[in-house]
Amino acid sequence: MKFCPCEDGRESRGVICDFHPARMSSKASHACLSRADPSVFTKKVILKLPAKFDLLPDAASYDAAVEALYALAFGPGRHAKAAARLREGHQSRRDVSFVAMSGGHLIGACRLWPLVTDQGQEILFLGPIAVAPDHQGQGLGGELVEACLTASDRLTGLPVILVGDLAFFEPFGFSQAPKGQVTLPGPADPKRILWRPAQGADIIAPAGKLLKNA
């Protein structure tokens, strides 16, 4: 059984987030994303990857399949996490979220959620990230993260925050949030609260309590 580097780090029922191999194999599609026109992320454009899967922008039609994948990966305990309270009853930013498809089946997903601190700073929350057990080792988890972050940089210019393992997320530009500066609506290990500024934006770490942003 592997462990998920996102959320609270507890063992999950599915096998997910194989990030180091994913990161090492993501050069080709990352270069394609970096050169893409910003408008590409608002259309139903398929990003062709070396392995046998495609990345598509998220849509409401994928919701049932995404929830089924999250249930497989995280189990019912996922609803008790502090991060889950920020997503419950909330709508993700579909223009900067992605799903992975293979043979007509959804095999991976990564979403970004609009939040705001109680001090008025807008921010995006990354997660959950899940990959179907039989599609591990293809670099899919890293491709999903890269796609979301690249789209976010181009379309929002907002910092991104998550709860996860620094060893996995540091290569994507994440670092620990200053201790005690960010709080979630529930317990979370402060060492696992990570953030990343948008590329080209001012490096101002988020501060305050995270709240849903309509």
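For a quick check: sort Tyr62, Tyr70 by the number of other beta carbons within 10 angstrom, fewest at the front. Working shown, then result.
Details: Tyr62 19, Tyr70 22.
By the 10 Å Cβ count, ascending: Tyr62, Tyr70.
Going through the cross-link list Lys52/Lys191; Lys52/Lys212; Lys81/Lys191, which pairs have a Cα-Cα distance over 26 Å in this structure? Flagged as over cut-off: Lys52/Lys191; Lys52/Lys212.
Checking every one of the GluC sites (Glu not before Pro) in the range 56-164 against DSSP loop status and a limit of 15 other Cβ atoms within 10 Å picks out Glu88. Here the label points at Met101 and Ala214, each 7 Å from Cα along the C-beta direction, are separated by 3.3 nm in the simple model.
Each of Arg192, Arg111 has some number of other Cβ atoms within 10 Å of its Cβ, and from fewest to most they run Arg192, Arg111.
Working note: Karplus 6.51/-1.76/1.60 with θ = phi - 60° gives the range 181-187 the couplings 8, 10, 10, 9, x, x, x Hz, where Gly and Pro are set to x. Across the range 198-214, computed HN-Hα scalar couplings (Karplus, 6.51 cos²θ - 1.76 cosθ + 1.60, θ = phi - 60°) run 5, 4, x, 9, 4, 8, 10, 5, x, 9, x, 7, 7, 10, 5, 10, 5 Hz from first to last residue, x flagging Gly and Pro. Among residues other than Arg93 with Cβ under 9 Å from its Cβ, the summed charge is 0 (Lys and Arg +1, Asp and Glu -1).
The amide H of Ala177, built 1.01 Å from its N in the peptide plane, has Ile193, Leu194, Trp195 as neighbours under 5 Å, considering only residues 5 or more places off or on other chains. Each residue, Arg94 and Ala167, gets one label point 7 Å from its Cα in the Cβ direction; the gap between the two is 3.8 nm.
Summing +1 for each Lys or Arg and -1 for each Asp or Glu among the other residues whose beta-carbon sits under 14 angstrom from that of Leu158 gives -1. Taking other Cβ atoms within 10 Å as a rough exposure proxy, Asp153, Asp95 sort from fewest to most as Asp95, Asp153. Size check on the range 133-191: the Cα extents along the three principal axes, sorted descending, read 37, 29, 21 Å.
The numbers here are math on the coordinates, done by the rules we state, and not lab data. Note that the structure is a prediction, hence the values are computed from the model and not measured. A quick note on method: Cβ atoms are made from the backbone with ideal geometry, for glycine too, and the neighbour counts reach across all protein chains shown.
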